[in-house]
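Readers should treat all values here as calculations from the given coordinates under stated rules, not as data from a laboratory. Just so you know, these numbers come straight off a predicted model, no measurement behind them. Here Cβ is always computed from backbone atoms with ideal geometry, including for glycine, and neighbour counts include all displayed protein chains.
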Amino acid sequence: MATTKTQHRYIVNKRDVCGGRPIIQGTRIAVWAIAGWLQKGYSPEEIQTEIYPSLSLAQIHDALSYYYDHQDEIDADIAANNLSEAELARRRAQWQKRSS
């Protein structure tokens, strides 16, 4: 499994994880997913506490920093992975249930 480091401390690319898209190191959480929550109006603190409590705030901020450095690429990933509101609600409930 080939892992490529980036200039961002917590962000890597793994060829066989999320199609090689940038992810938070040690997870399967893609940068586009975090940036997508930001675009929906969630603050970094809300993303951390409500969506991804297993991540540190530093990881969230690094993902957002990566997003701003590669905005066109990540926006394309967000568009390609855009989920319906019903699916987002289902996944959010599932993620929250797991962290309880």
Return the total of residues in the range 25-39 being without any contact (Cβ under 8 Å) to a residue 12 or more places away in the chain and either in a helix (DSSP H, G or I) or over 11 Å from the mean Cα position of the chain (by Cα) (or both).
1
For the range 38-48: of the residues being touching a helix residue (DSSP H, G or I) at 6+ places or on another chain (Cβ under 9 Å), surrounded by fewer than 20 Cβ atoms within 10 Å (Cβ to Cβ) and not charged (D, E, K, R), which is farthest from ARG98 (Cα to Cα)?
GLN39
Looking at (1) part of a helix (DSSP H, G or I); (2) crowded, with 17+ Cβ neighbours inside 10 Å; (3) aliphatic (A, V, I, L, M), which is the only condition LEU55 fails?
(1)
Residue among TYR68, TYR42 that is aromatic (Phe, Trp, Tyr) and not in a helix (DSSP H, G or I)
TYR42
Filter the range 5-24 down to the residues that are free of Cβ contacts under 8 Å to residues at least 24 places away in the same chain and within 21 Å of ARG91 (Cα to Cα) and list them by number.
VAL17, CYS18, GLY19, ILE23
Looking at (1) exposed (fewer than 14 other Cβ atoms within 10 Å of the Cβ); (2) over 18 Å from THR6 (Cβ atoms), which is the only condition TYR68 fails?
(2)
